[in-house]
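As structure tokens, the structure follows; a few thoughts come after it.
Taken together, the values in this text are just the output of simple stated rules run on the coordinates, not laboratory data. This one's a predicted model, so the numbers in the text were calculated from it and none came from an experiment. Neighbour counts run over all protein chains shown; Cβ positions are idealised from the backbone, glycine included.
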Amino acid sequence: MKVKRSIIVLALLSFMSIPAIGKVKGKENSKEKTENSEKVSLVPKISGLANIRYSYDDDAASTHGFDVRRVRLSVKGNMHEKVDYCVQAEYAGTVRIIDAYFRWKIMPELNVQVGEFKVESSLESTYGPTSWMLIENPTAVTKLNGYNDLSGVNSHKNGRDIGMRLYGSFIHKENFDVLRYSVGVYNGNGINVKDNNNKKDVAGFLWIKPMRQLSFTGGYYSGSYGPKGATHVRNRASAGVEWKDTKLTVRSEYLWGHTSFERSNGAYLQAGYTVHRMIQPVVSYDFFKRHIDAAGYEHNAQVGINITPIKNLRVQAAYTHTFLNAGGHKNLVEVQAVASF
């Protein structure tokens, strides 16, 4: 009887202790999960891309053939749930750092970014080589937005600079934000270079989305370039509109620039339609006038196709016809592949 009574008591005690043990284990497991998730978030994410191109240009001063256009490797990670970082290097040609920044994500309406990164002052500058509809940027973007800038500021065709910006969004809908902004202060001297004067450049950009598919944008850049004591004006402005749904993308923008004694302007219109999940024909027209009051101009008409056979591989082909003043013409054929990981 004593043995039976002891067995019953032990069984009851064991049964009563199960919830307590479960709670302890649950706490321990949740603690382990929290610690593990923090460790995982601190592990940097490595990504990159490779861009191989073939081009044929009938301009007498040009050559044609294959080239490795871009090879990039980036490392991104979190130092804290509200602080992340990115370091990205370009390995095609001379190795150089093109991104090196920290971001403090205070709240959706206010975030801080410090370091070297892309300057946002044009609609096209908010996209990258894995998402551009065209192989080449419109001429006005190239000349007035830091890629091959008229000022000669050397950003190595990446549109980046060193500085600090505030950015955020307001009026949050289910799938989009109605209002987004970006305001920054920069050296104005390109990437990997300390400023050579005491004047700082200011850039601002604004997105307004009355509906998920439709965006209106406006940007302004106020700055200068040149060594201390011999600086020149470098001002820019842009106004754009974009429609983007699951099939159709239409993008257009007007750009204006004041570079030293030159006043320039240009515009572009691009359209792409996804006829199949991996096939997108595209068309584009753009013009650029280096001197608004002079006769010189450049017009480009382009047709092309973008094919995405697998998720991380994009193949593009395009033909561009360039009309120059005084009746000159140029033809350019390009094919390129962009692989990312």
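Some observations on this one:
- Length available on full extension from D177 to M107: 0.36 nm per residue minus the Cα-Cα distance, which gives 23.8 nm.
- Global geometry of the stretch 100-152, whether rounded, prolate or oblate, following the gyration tensor of its Cα atoms and the 1.5 cut on a/c: prolate
- Extension gain, Y85 back to N196 (0.36 nm per residue minus Cα-Cα distance, nm): 37.3 nm
- Ordering S55, S62, S238 from the fewest to the most neighbouring beta carbons within 10 Å gives S62, S55, S238.
- Built amide H within the under 5 Å cut-off of L110, gap 5+: S169
- For G190, nonlocal amide neighbours, meaning residues 5 or more places apart or on other chains whose placed amide H falls under 5 Å from its own, are I162.
- Potential lengthening between M164 and L269 on full extension [0.36 nm per residue; Cα-Cα distance subtracted]: 34.7 nm
- Annotation for Y54 and V233: the two label points, set 7 Å from Cα along the Cα-Cβ direction, are 4.8 nm apart.
- In this label model, N154 and Y319 are separated by 3.9 nm, measuring between points 7 Å along each Cα→Cβ vector.
- Recomputing log10 I(q)/I(0) by the Debye sum over Cα atoms at q = 0.08, 0.10, 0.13 Å⁻¹ from the coordinates shown identifies the correct label among [x] -0.43, -0.67, -1.08; [y] -0.38, -0.60, -1.01; [z] -0.47, -0.69, -1.14 as [z].
- Inter-label distance, S62 to V95: 3.2 nm, where each label sits 7 Å from its Cα along the C-beta direction.
- For R70, residues with placed amide H under 5 Å, excluding near neighbours: N51
- Given 16 as the ceiling on other Cβ atoms within 10 Å, longest exposed-site-free region of the chain for GluC sites (Glu not before Pro) in DSSP loops: 175-341
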